[in-house]
Amino acid sequence: MRRGAVAWGIALGAVLVASITLAVTIGPAEIRFDEVWASILSHLGLGASPLTELRDGIVWELRMPRVLTAAAVGAGLALSGAVMQALTRNPLADPYLLGLSSGASLGAVSVILLGAALLLPLAAFLGALLALGATLLLASALGRITPTRTVLAGLAVSSLASAITSFVIFWTVTGDSYREILSWLLGSLAGARWPAVAIAGIALVVVGIPIMFTGRLLDSFAFGDTSAAALGVNVQGTRWALLAGTALLTGAMVSVSGSIGFVGLILPHAVRLLVGPGHRALLPLSALVGAIFLVWADTLARTLFDPRELPVGIVTALIGAPVFALLLARRRADA
Amino acid sequence: MSGLEAHDIRVKAGGRLIIDGIDCTVPPGTLAALIGPNGAGKSTLLRSLAAVEKPETGEVSFEGTPLLSLPRRQRARLAAFVEQDAATELSLTVEAVVALGRMPHLSLWEARDAASRTIIGESLDAVGMRDFAGRDVTTLSGGERQRVLLAKALAQRAPLLLLDEPTNHLDIRAQLSTLALLRSVASTGSTVLAALHDLGLAAAWCDTVIVVADGRVVAAGETAATLTPELIRRVYGVRATVFTDPVTRRPVIGFGEL
């Protein structure tokens, strides 16, 4: 890895830590930067919190878990996006490509309507995996599994799951659950508390961090499967393991945040502009930039029209769609 | 004799045997040409010999080590393979591409050590691409890219080197320097087998030839003794005359009418 990439990593790591604490200070109740740190340290068993119980609760029970969830989800989605783009050799691939998001939505909407909202993360996760399974099954039914077939199969499964979700909403939704479902479909971190931090954090550490070390493997696919095989890479095994890994990671993230678009699609491209397309630098830096981006996107989502909240998915789409258009224009200019 | 030895290779594709029981050997320290008409099965055979694709039946061994059953990374330390016309859309630098050749020697999280960096530099020097180290590989010409891929294979430091049409897209000077490079690699004790379309290059540069047609070996052996007008007529259906170059004492092939 080039020295430039290491420098970027250290700089972005510092920006992330600063962003997290800064984002916690922002909100209706004014809490200073140093108070946030004192509160964090007190909860880690170092000294007493200078804040009143109420204000300490705002920091530790509301804002902190929400900001941390945003960071973990952003990191997971951007990382998954970078890996998906490499595996499918499609620069426009995103973590939801293989039907994951529509499957998760179907699972989530079903349990919300059944009144079992506690099961939502589990149902969303199972929905995502089920959709992935259906996608891969369909892709293999079309013949040998290739990136193109996988993407096409994902499109078919995605459309079907979306249609069923729409049907279920159309048929059964009443006023109360409507808002809840809508905010979930658009992606929202409003309900994120410590259990959400745990789910997203564990997924990031257990699945995400090992994936960050596969950069050299992904580089070896640059000249095609045979070329990778000649370097001693287990081509099929690597492809399946990474596909399953990103699916698990994305499924876990979707289960706590709903489907937040554009993070996994756009941010890897931004990182490529910084350090080039080599995956050894691209994967960890995408995770860092994704975390920073979603922390600020969510801060905007909860403060822009205070006291009303926007689903963060709207914010990422409002930023992401124009950037996406720019990317397409750049590609056209290159070609 | 050791070196590369293959026995009874059969490869099926689409229900048809495209490699139909091939036996062949390349002695250590020699440069061998794999020749034959289009569709003879040269590329398929090379992929089997490099053990990147398992044949239906058969055994491949190098210096007595069976390649097909060897763990992948160990195999990649013994055998390097340069594919025909491999291209990429990933804008890696030339140096990063050549560095991929070190993969079989490094674990996933291991950084490149000084020894690897030296080998990468030497491999770039060997193909005359040191000045291109920082260039984006997607901006290179076909010939330049071919040389970078050869450098990647050299960086593997494998004693067996297999190449599919390494002179494709190259101008005459680059063709000759590629073959000179392959011969110098062989002269250090490596075993080199290259599929070649150009019979003239095979005749002028290679120690031995393996001639395949319709998935079978039709002739093999020392170059001058094997590349006879009769063989060329039988395999390619063209009339040829074989001379001896008065300077190099190597065979030269002249082609007449069909």
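Derivation of every value follows stated rules applied to the coordinates shown; laboratory data play no part. Since we're looking at a predicted model, the values are computed, not measured. All Cβ positions, even for glycine, are placed from backbone atoms using ideal geometry, and neighbour counts span all protein chains on display.
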Report summary line: So the pair-distance distribution of the protein assembly as shown, from every Cα-Cα distance in 20 Å bins, comes to percents of 19, 42, 26, 11, 2
Report task. Could you list A:H279, A:H43, A:H269 in order of exposure, starting from the residue whose Cβ has the fewest other Cβ atoms within 10 Å? Result -> A:H43, A:H269, A:H279
Report task. Return the calculated 222 nm mean residue ellipticity for chain B, to the nearest 500 deg cm²/dmol, obtained by summing -39500 (n - 2.57) across DSSP H runs with n ≥ 4 and dividing by the residue count. Result -> -9000 deg cm²/dmol
Requested in this report: Could you order peptides A:100-111, B:116-127 by the average number of other Cβ atoms within 10 Å of their residues, highest first?
Outcome: A:100-111, B:116-127
Query raised in the report: How are the C-alpha pair distances of the stretch B:192-258 spread across 5 Å bins, as whole percents from the shortest bin up?
Result: 4, 17, 30, 28, 15, 5, 1, 0
Report task. For chain A, with a Gaussian network of springs between Cα atoms less than 10 Å apart, report the residue from A:L285, A:L44, A:L304 with the top mean-square fluctuation. Result -> A:L44
Requested in this report: Name the residue farthest towards the positive end of the dipole of the protein assembly as shown from the options A:G278, A:V295, A:L46, assuming +1 on Cβ of Lys and Arg, -1 on Cβ of Asp and Glu, about the Cα centre.
Outcome: A:G278
Requested in this report: Would you mind computing the Rg to Rh ratio of the stretch B:4-255 from its alpha-carbon coordinates, Kirkwood style for Rh?
Outcome: 0.97
Query raised in the report: In bins 10 Å wide, starting from 0, what share of all Cα pairs of the stretch A:3-334 does each bin hold, as a percent?
Result: 6, 25, 33, 23, 10, 2, 0
Query raised in the report: When you look at the Cβ of every residue in A:214-224, what mean number of other chain Cβ atoms sits within 10 Å?
Result: 6
Report task. For a footprinting-style exposure proxy, rank B:L68, A:L182, B:L49 by other Cβ within 10 Å, fewest first. Result -> A:L182, B:L68, B:L49
Report summary line: Treating only Lys and Arg (+1) and Asp and Glu (-1) as charged, each at its beta carbon, one finds that chain B has a dipole about its Cα centre, in Debye to the nearest 20, of 220
Requested in this report: Could you pull the Rg and Dmax for the stretch B:77-137, using just the Cα atoms, both in Å?
Outcome: 12.0, 31
**Report entry** Stretch gain in nm, segment B:A225-B:H169, where the contour uses 0.36 nm per residue and the Cα spacing is subtracted
**Finding:** 17.2 nm
Query raised in the report: If you plug each phi of the stretch A:272-284 into the Karplus form 6.51 cos²θ - 1.76 cosθ + 1.60 with θ = phi - 60°, what whole-Hz ³J(HN,Hα) values come out, in order, with x for Gly and Pro?
Result: 4, 5, 6, 10, x, x, x, 6, 5, 8, 4, 5, x
Query - Dipole-positive endmost among A:L100, A:A192, B:T226 within the protein assembly as shown (Cβ charges, Cα centre) - result: B:T226
Report summary line: By Cβ neighbour count within 10 Å, fewest first, A:Y178, A:Y96, B:Y236 rank A:Y178, B:Y236, A:Y96
Query raised in the report: Leaving out same-chain residues fewer than 8 places away, which lysines sit with a Cα under 25 Å from that of B:K12?
Result: B:K42, B:K54
Requested in this report: Pairs of Cα atoms under 8 Å, at least six residues apart: use those to get the relative contact order of chain B, whole percent.
Outcome: 26
Report summary line: Given Cβ charges of +1 for Lys and Arg and -1 for Asp and Glu, the option among A:G201, B:G256, A:A18 whose Cα lies farthest towards the positive end of the dipole of the protein assembly as shown is B:G256
Query raised in the report: Using only the Cα atoms of the stretch B:1-114, what do you get for the radius of gyration and for Dmax, in Å?
Result: 16.1, 49
Report summary line: If one compares the long axis through the Cα atoms of helix B:114-126 with the longest principal axis of the Cα atoms of chain B, the angle in degrees, nearest 10, works out at 40
